[in-house]
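Report on the following structure.
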Amino acid sequence: MSKKRIEKILFSEKDKKVYFQNNNVSAINNNTENALIFNAKKLGSGGTGKVYKIPHGAYPIPIAIKRYSDKVLSENGAAIDSYLRSLIVFRKNMTDDIRRKIDKFTVWPQRLVYDYDTDEICGFTMHLIPEQFFTSINIAGEDEKKESNLDFVLHGAKFRKKYGLPLLSAKGRAKIVYDFLSTVSMLHNNDYILGDLSPKNLLIAVDKSNQSKNRILFIDTDSYRKRGSVHPLQQLHTPDWIPPECQKASVELSKLTPNANPSLLSRLKVDMFIQNQYTDVYKVCLAIIRLYHDGDHASIITSSYSADKKLRTNISDEFANYILQGLSDLPKARPSINDLLTSFVNSVNAKLKAPEISKLEAMIDIGDEEAMYNLGIAYARGNGVAIDKHKAQMLLYKAYLRGNIEAIFALVDLFDNPPEHFINEAVKHGYVGAK
């Protein structure tokens, strides 16, 4: 009768390495003479390996370990070794601010893990997913602990009410979208591609008492890759999250016969699984549409009247239009993630200032030239509203026609190549800076 396999994690004091032992050898080799040794508790498994945790309190911070399967290591071990090192070095070389952001919003590889017997790399350490990203619900009389991933959050109001889960508020959605966009922007700006961005690897914690504290967490980040590089493991698209260009390639491939042009067959097979920053943007926009959708089947829709209306009401027309562009069949017609983030921030800032803007607009309605001047300056500089030079010019000129001399000076100062009659009017009132 075979003995039960004992899986252990060892932290070597001698060579500062982390080891994983998955056999019954009781002897400790030289490198682990003074090691901290813990029984490994399996948390879960996936297509490429298993995840284990260190017992609570056994190590200074809550950590987990991913160990790749023997099959994956035998076929791709050397490439995985090199790739994991690049991910770990990327985080270490970042500024403190970016490193804090990586640690707050992602479960990023932290340290290499070595096989106890071969001393070869077999996985990595990472932070344990915080408890706030899990939800317990009572199903069939039993409490069940579930990861609060995007799919779970997308359940409709009926499901959420049934199990006592909070409904997402406008503020709660906005917080999720901002963290989502800013994290993807940070990764894109550092030339990373997320690839298989899907509901299973994006966790969302909804704060029941204050949804401005909602949080997101990206997991399975060892699937990310640098633009221009090849990941050691094939990265697939999750069903219902497949970009249109990949769907198109799949349809075209299905129509070809086996004796079709080999180069065409080869290209379509590659295009079916293509992942780049364009496909990332498509999936980001799809996630946002689904997050704002009212009703059932949010996890599979690709367009939504209710989501579009809510985005226009709660954020802005500009942002809603960007989201629609992001779902385009043409990859190059999609906005960049930075376009989306900038539009979102400008739109939310404008909404936050809405009471002040509304007051100015109300005063303008009764002919107040000072309100025209102040709102014109706001549009010119982007103070509380998105920059709109046309509106600024119109308001400042109206203010000047009602006797506000400062308005004509502002028109000359704030705009490149102002009309000559603006310059003449400014000079007439003693403006010495006019060209």
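Results, tabulated for the structure shown:
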read-out: Once the Cα gyration tensor of region 158-281 is diagonalised, semi-axes √(5λ) in Å; value: 36, 18, 11
read-out: Percent of Cα pairs exceeding the 21 Å cut-off, where the set is region 354-428; value: 20
read-out: Peptides 313-321, 297-305 ordered by average Cβ neighbours within 10 Å, highest first; value: 313-321, 297-305
read-out: Cα gyration tensor category, rounded, prolate or oblate, for the chain with a/c compared to 1.5; value: prolate
read-out: Translational diffusion coefficient (Stokes-Einstein; Kirkwood radius from C-alpha pairs) of region 260-337 at 25 °C, 0.890 mPa s, in µm²/s; value: 178
read-out: Mean projection area, nm², convex hull over Cα of region 211-270; value: 6.8
read-out: Cβ crowding within 10 Å averaged over residues, with 219-225, 251-257 ranked highest first; value: 219-225, 251-257
read-out: Loop-resident sites, region 112-167, for GluC sites (Glu not before Pro), counting at most 14 other Cβ within 10 Å (DSSP); value: 120
read-out: Expected 222 nm ellipticity per residue - DSSP helices of 4 or more, -39500 (n - 2.57), all of the chain, to 500; value: -14000 deg cm²/dmol
read-out: Spacing of the two label points (7 Å from each Cα toward its C-beta) at residue 227 and residue 161, in nm; value: 4.6
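Any read-out appearing in this document is the output of simple, stated calculations on the displayed coordinates, not a laboratory observation. All values reported here derive from a predicted model rather than from experimental measurement. Neighbour counts run over all protein chains shown; Cβ positions are idealised from the backbone, glycine included.
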